[in-house]
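Here, each number is a calculation from the coordinates, and none is a lab measurement. These numbers were taken from a predicted model, which means no experiment stands behind them. With ideal geometry, Cβ positions are generated from the backbone for all residues, glycine too; neighbour counts draw on all protein chains shown.
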Amino acid sequence: MLKIEPITQYTGKTAILFHDNIDTDQIIPKVHLKGVSKTGLGPYAFDEWRYLEDGSDNPEFELNQPQYKGASILITGDNFGCGSSREHAAWALKDYGINIIIAGSFSDIFYMNCTKNALLPIALEKEDREFLAKYKELEIDLPNQVIKTPDRELHFDIDSTWKNKLVQGLDDIAVTLAYEDQIEQYEQKYQHN
């Protein structure tokens with residue numbers, strides 16, 4: 001079976017990007033959608049915000065701040081990943097180093113693209129996200145669906161199907177291959193007819 005990196009007990013550095021309605025074109029501009037590889041898109045994540053016209057880092061962009069270098073948990077606003085349905089947005093964030101996104105809400109298609117690419121999307125109310133933004137590091141316990149801080153734990157909801165796939169490190173192909181014996185039996189049965 002094919003496996004991706006499972007998410008169970010995860011500790012990571014946080015980065016804060018409190019903007020609402022960040023769309024997939026802002027996450028990965030269409031000019032960078034020339035390939036179909038899941039890797040190599042990280043340098044282009046947030047390209048138009050991240051770099052100045054001369055190609056240097058934009059010092060005004062939040063994720064370019066020194067305290068956010070190496071962050072793997074993104075805390076952001078409402079309606080994250082809206083816009084077009086490009087899976088490249090999830091690929092770019094993953095390649096950039098983000099493994100968990102905590103937002104007020106997500107576009108449905110973007111949410112699904114996250115779960116299919118080993119990115120954990122967590123939806124929380126604004127006051128909870130503001131509370132979490134005080135911490136440089138967070139611990140996420142996916143099996144128990146809690147975010148742990150030194151002060152308290154916050155529960156989050158996730159569909160059991162997506163949770164199971166992320167905890168076990170399974171992508172859609174791996175789930176299908178779990179039925180390989182039954183698929184082969186079916187094929188053999190109908191090949192002889």
Estimated D of region 79-193 in µm² per second, where Rh is the Kirkwood radius over Cα pairs and Stokes-Einstein applies at 4 °C, 1.567 mPa s:
80
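Given the pairs K13/K165; K134/K165; K94/K148; K13/K163, which are separated by over 25 angstrom at their Cα positions?
Working: K13/K165 23 Å; K134/K165 30 Å; K94/K148 22 Å; K13/K163 22 Å.
Where the Cα-Cα span goes over 25 Å, the pairs concerned are K134/K165.
What ratio of Cα Rg to 2.2 N^0.38 Å holds for region 28-113? All intermediate terms of the calculation are to be shown ahead of the outcome.
Working: Rg = 12.8 Å, N = 86, 2.2 N^0.38 = 12.0 Å.
Output field value: 1.07.
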Translational diffusion coefficient (Stokes-Einstein; Kirkwood radius from C-alpha pairs) of region 18-62 at 4 °C, 1.567 mPa s, in µm²/s
113
Do any GluC sites (Glu not before Pro) in region 88-193 lie in a loop, going by DSSP, with at most 13 other beta-carbon atoms within 10 Å of their beta carbon, and if so which?
E125
Give me the distance in nm between label points sitting 7 Å out from Cα along the Cα-to-Cβ direction at K116 and Q191, one decimal.
2.9
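Enumerate by residue number the trypsin sites (Lys or Arg not before Pro) in region 83-135 meeting two conditions: DSSP loop (anything except H, G, I, E, B), and at most 14 other Cβ atoms within 10 Å of the site's Cβ. Walk me through the numbers before you get to the answer.
On the way: sites: R86, K94, K116, K126, R129, K134; in loops: R86, K116, K134.
Hits after loop and neighbour filter: K134.
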List every residue whose amide H lies under 5 Å from the amide H of L170, counting only residues 5 or more places away in sequence or on a different chain, with H placed 1.01 Å from N in the peptide plane.
I4
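Provide the percentage of antiparallel DSSP beta bridges, counting only those with both residues in region 14-127; round to the nearest 5. The partial results should precede the final answer.
Numbers: 1 of 14 bridges.
For region 14-127, the DSSP antiparallel bridge percentage is about 5.
Looking at the P(r) of region 75-120, how many percent of alpha-carbon pairs lie beyond 13 Å? Display every interim value, and only then the final one.
Details: 486 of 1035 pairs.
Counting pairs separated by more than 13 Å, the tail of P(r) holds 47 percent.
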Run the paramagnetic zone check for Q65: 7 angstrom along Cα to Cβ, then residues of region 17-32 with backbone nitrogen under 14 Å.
17-19
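What's the magnitude of the charge dipole for region 1-104 around its Cα centre, counting Lys and Arg as +1 and Asp and Glu as -1 at the beta-carbon? Answer in Debye, nearest 20. List each step's numbers first, then the result.
Working: 9 positive and 14 negative charges, 116 e Å.
Using Cβ point charges on Lys, Arg, Asp and Glu, region 1-104 gives about 560 debye.
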If every alpha-carbon in region 1-77 counts as one equal scatterer, what log10 I(q)/I(0) does Debye give at q = 0.19, 0.21, 0.23 1/Å?
-1.00, -1.15, -1.26
Hey, could you pull the Cα Rg and Dmax for region 106-156, both in Å?
11.9, 34
Those GluC sites (Glu not before Pro) in region 40-117 that DSSP places in a loop and that have at most 15 other beta carbons within 10 Å
E53, E60
Using a Förster distance of 45 Å, the FRET efficiency for L52-Q145 (Cβ separation, nearest 0.05):
0.65
Given that just one value was derived from the coordinates, which of (1) 36, 17, 15; (2) 29, 16, 15; (3) 32, 22, 13 is semi-axes √(5λ) of the Cα gyration tensor in Å?
(3)
